[in-house]
Amino acid sequence: MITAVDNPSNNLEWALAGMLNNPETLQKARDELDTVVGKDRLVQESDFPQLNYIKACAREAFRLHPIAQFNPPHVRD
């Protein structure tokens, strides 16, 4: 059995690394932030429902680099 410890900050690191390797993706995320939030304030929790592209990037990072490396087997009756 192989075990590992991972946390969301590692996933954020992978997401940023992926975006740095894909400048078009990074630019789309920045454009979405500028459109939804603007340049004069910080992101607030109320902005999250409108940040669809950034949510998709986060989901893709979790898909490519999951916290758990495998799913445990299911037990059936």
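The values are calculated or read from the model by the stated rules, or taken from the named source; none is laboratory data. Given the structure is predicted, the values throughout are model-derived calculations rather than measurements. Neighbour counts run over all protein chains shown; Cβ positions are idealised from the backbone, glycine included.
Residues are listed down the side, and each one gets a yes or a no for (1) modelled with pLDDT of 95 or more; (2) under 11 Å from the mean Cα position of the chain (by Cα):
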residue: Val5; (1), (2): no, no
residue: Asp34; (1), (2): yes, no
residue: Arg59; (1), (2): no, yes
residue: Arg63; (1), (2): no, yes
*Looking at Ile67, is it modelled with pLDDT under 85 and either surrounded by 12 or more Cβ atoms within 10 Å (Cβ to Cβ) or within 16 Å of the chain's Cα centre (by Cα) (or both)?*
yes
*Could you check, for region 14-22, whether at least one of its residues is outside any helix (DSSP H, G or I) and either at pLDDT 80 or above or surrounded by 11 or more Cβ atoms within 10 Å (Cβ to Cβ) (or both)?*
yes
*Neighbours by Cβ (under 7 Å, 6+ apart or cross-chain): first from region 9-24, within 13 Å of Glu60 (Cβ to Cβ); second among the small types (Gly, Ala, Ser) and in a helix (DSSP H, G or I)*: Asn11/Ala61; Trp14/Ala61; Ala15/Ala58; Ala15/Ala61; Gly18/Ala61; Met19/Ala29
*asked:* What are the pairs with Cβ atoms under 8 angstrom where one residue, in region 25-36, is touching a residue at least 12 places away in the same chain (Cβ under 8 Å) and of a type outside the set (A, V, I, L, M, F, W, C) and the other, located anywhere, is surrounded by 12 or more Cβ atoms within 10 Å (Cβ to Cβ) and not in a helix (DSSP H, G or I)? Sequence gap at least six, or different chains.
replied: Glu32/Leu51
*Is region 38-50 home to any residue that is among the β-branched types (Val, Ile, Thr), part of a loop (DSSP other than H, G, I, E, B) and at pLDDT below 90?*
no
_Matching residues in region 9-43 - criterion: being in contact with a helix residue (DSSP H, G or I) (Cβ under 7 Å, 6 or more places away or on another chain) and among the basic types (Lys, Arg)_ = Lys28
